[in-house]
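Comments concern the structure below.
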Amino acid sequence: MTASVNDLITLTPKDSCNTKLAAGPWDFDTVPGYGPGSSQADRLPDPVSRPGQLPERYQLMPEPELHERILAAKATLGEELVILGHFYQRDEVIQHADFVGDSFQLANAALSKPEAKTIVFCGVHFMAETADILSAPEQAVILPNLAAGCSMADMADESSVETAWEEICETYGVDPENTLPDAEGKLPILPVTYMNSSAALKAFCGRHGGIVCTSSNASTVLEWAFERAHRVLFFPDQHLGRNTAKAMGVPLEQMPLWNPRKALGGNTAEQLREAKVLLWHGFCSVHRRFTVDQISQARAADPGVKIIVHPECPMPVVDAADAAGSTDAIQKFIAASAPGDRIGVGTEINMVNRLAAQFPDRTIFCLDPVICPCSTMYRIHPGYLAWVLEELVAGEVHNQISVEPEVAVHAKVALDRMLAAKPKA
Ligand code: SF4
């Protein structure tokens, strides 16, 4: 049995990217100004339930007791409860999940349980928002620790995107509130947001003729967008946008980077007019750690090794790998491999560890030699799960994520467009 990432960080702290991870998340949830995400001061979804509220008794409880309490609360709540666990979640939490998957698979899994009054989402903030948008109005979505955000999602906030949109539309000479199609029937530009973004940005896309994408369907979504517009503003992840558009044949010089801290995003008006895809200056701090050097070293040590990476990795890494794909595609790639195969994987360590345990007759390893989980996902410690479940048994709902109805309605438009977009035959 492969040791869990939690065990590895505790037992071998010098091999971990951040020794603070071995401490309880409550030790750093209370840092002033800390929002749902780790990188920027995002707004708290519920000012009453501040992070760091985890009662001390749950902080001090040994893991076996937390485990027993979670099981007991789950048994009491029965069909009224569904627990969702993201692929990148720690094993100590994932063992209690009714469904394990990526953010969109999990939002859909929640839809398959209409009898559940409560959805406990063991993932990060934007995932819980999406589940709230897609779930029935009478279902409550709970994020066990409100400090579990996504640093990438925080890199594109609503006001920066609104400002960028106004500047871009001004460059194209169109009204930002009403970008009408030209004689060809195409819009000058439309926004595409990765699922890893706030509900407010999904709503922005819904209002401006735009759409949401996941790492599984990004090329289908870009095809959909190019049928309707000359250009796309893609946020927050530059790497997913660049890797996807490049694979579709868009030249790199037509993919300028938009830096929200610079006028015209750091571009000339001419560059913006020539652009096909404007890439927001965002990235995933976990996937940015993968390098071409790591791939070269893996191949030097074992010329027969196969390499698969996530498309949130930088372009040179994706280009150097044998394959790139979403978490679902990585799973399928490994499931389709043969016993004895050696596979280096460029994605989050909890998922890689779990795949290694699932396929013990293959050698599956993370390309990054340092143990570095998604530090915000990692904030869902079993203590938070035990707390929110026991409070539910007592009739109290904590850490509910509720998207404002006027935001949810527009965000759903963009999500529904994604669901309706079909790959070209
Ligand atoms: S792995 Fe990256 S994109 Fe995914 S939740 Fe963590 S920080 Fe966000």
Only one of these is under 30 Å from LEU54 (Cβ atoms) and either surrounded by 18 or more Cβ atoms within 10 Å (Cβ to Cβ) or charged (D, E, K, R) (or both): ALA394, ALA421, ALA386, ALA414. Name it. ALA386
Elements of type helices (runs of 4 or more DSSP H) in the range 55-125, at least 2 residues being within 16 Å of the ligand (Cβ to nearest atom) and in the same structural domain as LEU146 (by TED's automatic domain parsing): 91-94, 103-111
Please state which one of VAL388, VAL397, VAL352 is part of a loop (DSSP other than H, G, I, E, B), on the phi < 0 side of the Ramachandran plot and of a type in the set (A, V, I, L, M). VAL397
Extreme residue, farthest from the ligand (Cβ to nearest atom), among residues of the range 276-295 that are surrounded by fewer than 24 Cβ atoms within 10 Å (Cβ to Cβ) and in a loop (DSSP other than H, G, I, E, B): LYS276
Which of the residues spanning the range 192-221 are assigned to a loop (DSSP other than H, G, I, E, B) and more than 16 Å from the ligand (Cβ to nearest atom)? HIS208, GLY209, GLY210, ASN217
Could you grab the pairs with beta carbons closer than 6 Å, sequence gap of 6+ or different chains, first residue in the range 277-288 and in contact (Cβ under 8 Å) with a residue 24 or more places away in the chain, second one of a type in the set (D, E, K, R) and part of a loop (DSSP other than H, G, I, E, B)? CYS284/GLU312; VAL286/GLU348; HIS287/GLU312
Test of understanding: among VAL250, VAL232, which residue is buried (at least 22 other Cβ atoms within 10 Å of the Cβ) and on the phi < 0 side of the Ramachandran plot? VAL232
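The values are calculated or read from the model by the stated rules, or taken from the named source; none is laboratory data. What you are looking at is a predicted structure, and each value in this text was computed from that prediction instead of being measured. When we count neighbours, we look across all protein chains shown, and the Cβ atoms used for this are built from the backbone with ideal geometry, even at glycine.
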